[in-house]
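For reference, the structure is listed below as structure tokens.
Every read-out reported here was derived from the displayed coordinates using simple, explicitly stated rules and does not represent laboratory data. Quick caveat: nothing in here was measured; it's all calculated off a predicted structure. Quick reminder, even Gly has a Cβ in these numbers, built from the backbone with ideal geometry, and neighbours come from all protein chains shown.
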Amino acid sequence: MAISTISLVSFRNHQNKELAFCRGLTVIWGENGSGKTAILEGIHILSLGKSFRTHKQKSLIKDGDDSFIVRGEFLLKNTLNQIATEFKKDGKQKIKINGDIIIARKDLVGKNNVVVLSPEEQSITKGGPAERRRFFDKVFSVVSKEYIDVLQVYSRVLKQRNAAIGVEKNNGENLNDFRYWNEQLATHGAKLWSLRGVFLNDFKYNLSSVLNRYDSNIKLDLLMREKEITKEQYLKKLLEIEKTDLKMGRTTIGPHRDRVELIWNNKSLRLFGSQGEHKVSLVFLKLAEMCFIKDKTKSNPILLLDDLFAKLDLERSKKLVQLLHALEEDSGETVQTIATTTDIIDIENSGMFSAKKEVLTYQLER
């Protein structure tokens, strides 16, 4: 997987910006506010249809303009895909693949895979269970169409059941109105649990491999607090908790409530982890994500590093670069890496330049 070019029109602070990328390492450097991270955002939008920094797509439109346009060319196994997306102030988004409009954003997911490592994503380790559910749902969706389909159907049924609970709670109507959704919720919920369990175990294997390569003394694990249950068990539980659901006004059990916890040396990372442990744990998760996607798709994703080396000390930076190079050697395939920094010396000192055959640099000005 590789991106060869990108074009940004009325995007963030870029009125009209075009860049080309090499297959090895591309470094984009400059002062804060020069639009470095916006380029990574643009690549992410062409890969997943949305930014990794904000859910408010309107905020990406340059002040004074009515829409943004992002275009890019991706190469996968000698096949060139041209991706373009336009987002207007009225909230309408249009995505094209090789000139053909796609109906749903999910049709883009998985075609041009990226892994982004940014301070914006530290909430994966520091935030609540919902942050980690979103992370793993995204990762599993890019490698499995079945996963994203089941997740979307389950989410729709959950929304319908919650709406019916709200009507019953407020108006005291027939209980059968929300019991009607139990069968569908249990069917798709059990399937989602099953898929999530399999993929989570595979991800844990990749995480363990990354840790062993970096430092076998570090113990970082993923713990699923909820146990996978069958459709029949889920149906039984839904009936048992009817009164609780009515009181709360929502469905209180199911895959949408799963809690995946990060455990650092036998303690909750979220509760007891230091700043340094949180930072390096996010790096481990992202490298495991890269390996997981490679295993499932047989192609390395594009690695986007947003000011990573300014956030880590020099020793850790060097060790992580060595780890990345070792993972590339294992796969036999270069990982296209696009990195941003305010100081190119940080990247030079990390050793990023030493093992890459191709290096391209851009300096942006405010």
For region 16-73, what are the residues that are over 22 Å from the mean Cα position of the chain (by Cα) and of a type in the set (S, T, N, Q)?
16, 32, 34, 67
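Determine whether residue 25 is more than 12 Å from residue 364 (Cβ to Cβ) and surrounded by 18 or more Cβ atoms within 10 Å (Cβ to Cβ).
yes
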Lone qualifier among 320, 305 - being in contact with a helix residue (DSSP H, G or I) (Cβ under 8 Å, 6 or more places away or on another chain) and within 17 Å of residue 283 (Cα to Cα):
320
Residue 353: of a type in the set (Phe, Trp, Tyr) and either within 22 Å of residue 112 (Cβ to Cβ) or within 24 Å of the chain's Cα centre (by Cα) (or both), yes or no?
no
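Can you list the strands (runs of 3 or more DSSP E) found entirely within region 62-152 that contain at least 1 residues being surrounded by 18 or more Cβ atoms within 10 Å (Cβ to Cβ) and of a type in the set (Ser, Thr, Tyr)?
So the answer is 67-76, 79-88.
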Restricting attention to region 218-230, the residues that are exposed (fewer than 14 other Cβ atoms within 10 Å of the Cβ), part of a loop (DSSP other than H, G, I, E, B) and touching a Leu at 6+ places or on another chain (Cβ under 9 Å) number exactly 1
Does region 236-272 hold any residues that are small (Gly, Ala, Ser), in contact with a Leu (Cβ under 8 Å, 6 or more places away or on another chain) and touching a residue at least 40 places away in the same chain (Cβ under 8 Å), and which are they?
254
Under 7 Å by Cβ, and 6 or more places apart or on different chains, what pairs join a residue from region 121-143 that is within 15 Å of residue 53 (Cα to Cα) with one that is surrounded by 21 or more Cβ atoms within 10 Å (Cβ to Cβ) and of a type in the set (D, E, K, R)?
124/132
Could we say that residue 279 is charged (D, E, K, R), more than 28 Å from residue 79 (Cα to Cα) and not in a loop (DSSP other than H, G, I, E, B) here?
yes
